[in-house]
Structure formats: structure tokens, C-alpha cells
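Here is the structure we will look at.
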Amino acid sequence: MKKILLNLSIEFGPIVAFLVASELTSFLKATLIFVLLTGLALIAGYIERRELAWFPLIVGISIIGFGMLTIIFKNPFFIIFKDTIYNGLFAVVLGTGLLYKKPLLKPLFKGLFSMSEKGWLILTFRWMVMFILLTISNEIARMHLTPDDWVVYKGISTLATMAFSLYQFKLSRQERLPDSTQWGMRIIEQK
């Protein structure tokens, strides 16, 4: 359970800080905090796992890149549109993998979960659908909301994503392999 909480903190900590900071300061300052904490989360993830996991690395680089564009050009568009781009790209990549019966989430999370191939395919399909929904909803929010109102949307979509992520432990538990914990988490041997 400690590992789960640490991974959730690394993954969701920077966005939670961004949401809080955006209420206490300007959008640009909150973006700077988001960028800095994302960099620290990547470092913490590397220290914890002794490797850089692909999914957090890709998301982290997109946050840092688009966040810096937002700060440099003083334009919230970049950090807001980032969600549309990476959610859409992940949906396309996962969908393409599923067409070829390849669960592309497996290489991204194999260090965390130990599941059957069926479990990986189901997990990949679920996340593909989630990324499609996040892409569509972000575009609607981007086109119709002010940056400050978009932050409220982002808070709601983050909570929905966290709840969705936690729900996937039911699947990892059902499809776990013998070398895993009861929740389908990979057992790491202590050295």
C-alpha cells in the first residue's frame, strides 16, 4: 500500500499543487510551480524505481515543455492545449496497439503490475477510452472556458482520472499473476 500511495503522490502531486496554487496566485505562477514539481516528481520516481518509467516521463516532458511555453509567452493556451495533444496521442497509440492485439500499457507499467495478457488488453482498452473522453472534454473546456474556469474543469478531470486509476486495481487483482501481491502489484525483491 505504501508503494501505491508513493506512486499516486508522484503522479498526481504536481497537478494537485497546480490546482491549489492557481487559487492562491496567478495562472502563470501556478504553471511555474507545476513545471518545477513535475521535474521533482520525475526525479523522485527515478530514485524510487531506479529507472524512468515511460508513461510518467512522457507526461512529465509534455508538462515541462508546454508549461515553459506558457511561461515564456505568458499565454495559458499552451498548458491547456497540452492535455488535448497528449491525451489524444495516447488514445491513438493505445488504439493502434489494440488493433494488433498489443497491450501497449504493458511496457509502460510492467514494473508496477504483474497481470495476465488478457488483463493488459482490458486495461489498455479502458485507458484508451478514458483518453478519448479526456481529449474531447478538454477541447470543449478549452473552447468555452476562461483559463481560471478551465482550472476548475482540470480539477474535476483530475479527480475523475484518480478515481478511474484506483478502480483499475480491481482488474489488476482479478488478472494478477502468481508472482504478484493480492492487488496484482509486482513484488520487488529486496537487495
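Amide H contacts for Phe113 (H built 1.01 Å from N in the peptide plane; partners 5 or more residues away or on another chain; cut-off under 5 Å): Arg186. Below 16 Å, Cα to Cα, which aspartates and glutamates can Lys102 reach? Residues fewer than 8 away in the same chain don't count. In chain and number order, the partners are Glu117.
Rounded to two decimals, the Cα radius of gyration of the stretch 1-155 over 2.2 N^0.38 Å is 1.08. Of the options Gly60, Ala91, Leu171, report the single residue whose Cα projects farthest towards the positive end of the charge dipole of the stretch 33-191 (beta-carbon charges: Lys, Arg +1; Asp, Glu -1). It is Leu171, whose Cα lies furthest towards the positive end. Per-atom-type breakdown for the chain gives carbon and sulfur 71% of the accessible area (1.4 Å probe, protein chains only). Among the trypsin sites (Lys or Arg not before Pro) found in the stretch 1-101, those both in a DSSP coil and sparsely packed, with 13 or fewer other Cβ atoms within 10 Å of their Cβ, are Arg50, Lys74, Lys101. The charge dipole of the chain, taken about its Cα centre with unit charges on the Cβ atoms of Lys, Arg (+1), Asp and Glu (-1) only, comes to about 560 debye. For Ser26, nonlocal amide neighbours, meaning residues 5 or more places apart or on other chains whose placed amide H falls under 5 Å from its own, do not occur. For the chain, the mean residue ellipticity at 222 nm estimated from helices alone is -27500 deg cm²/dmol, where every DSSP H run of n ≥ 4 contributes -39500 (n - 2.57) and the total is divided by all residues, rounded to the nearest 500. Only sites in a loop by DSSP and with at most 11 other Cβ atoms within 10 Å count here; which GluC sites (Glu not before Pro) in the stretch 1-87 make the cut? Counting only loop positions with at most 11 other Cβ atoms within 10 Å, the GluC sites (Glu not before Pro) in the stretch 1-87 are Glu51.
Out of every Cα-Cα pair that the stretch 70-191 contains, those further apart than 22 angstrom amount to 45 percent. Rounded, prolate or oblate: pick one for the stretch 1-83, where a ≥ b ≥ c are the square roots of the eigenvalues of its C-alpha gyration tensor, a/c under 1.5 means rounded, and failing that, prolate if a/b is larger than b/c, else oblate. The shape class here is prolate. Efficiency by 1/(1 + (r/R0)^6): what FRET value for Leu40 and Glu139, r their Cβ-Cβ distance, R0 = 35 Å, to the nearest 0.05? With R0 = 35 Å, the Cβ-Cβ based efficiency is 0.75.
Return a whole-number percent for the relative contact order of the chain, with Cα pairs under 8 Å and 6 or more residues apart as the contact set. This gives 20 percent for the chain.
The values are calculated or read from the model by the stated rules, or taken from the named source; none is laboratory data. Quick caveat: nothing in here was measured; it's all calculated off a predicted structure. When we count neighbours, we look across all protein chains shown, and the Cβ atoms used for this are built from the backbone with ideal geometry, even at glycine. Note: areas computed on protein heavy atoms with side chains; ligands, DNA, RNA excluded. Shrake-Rupley method; radii C 1.70, N 1.55, O 1.52, S 1.80 Å.
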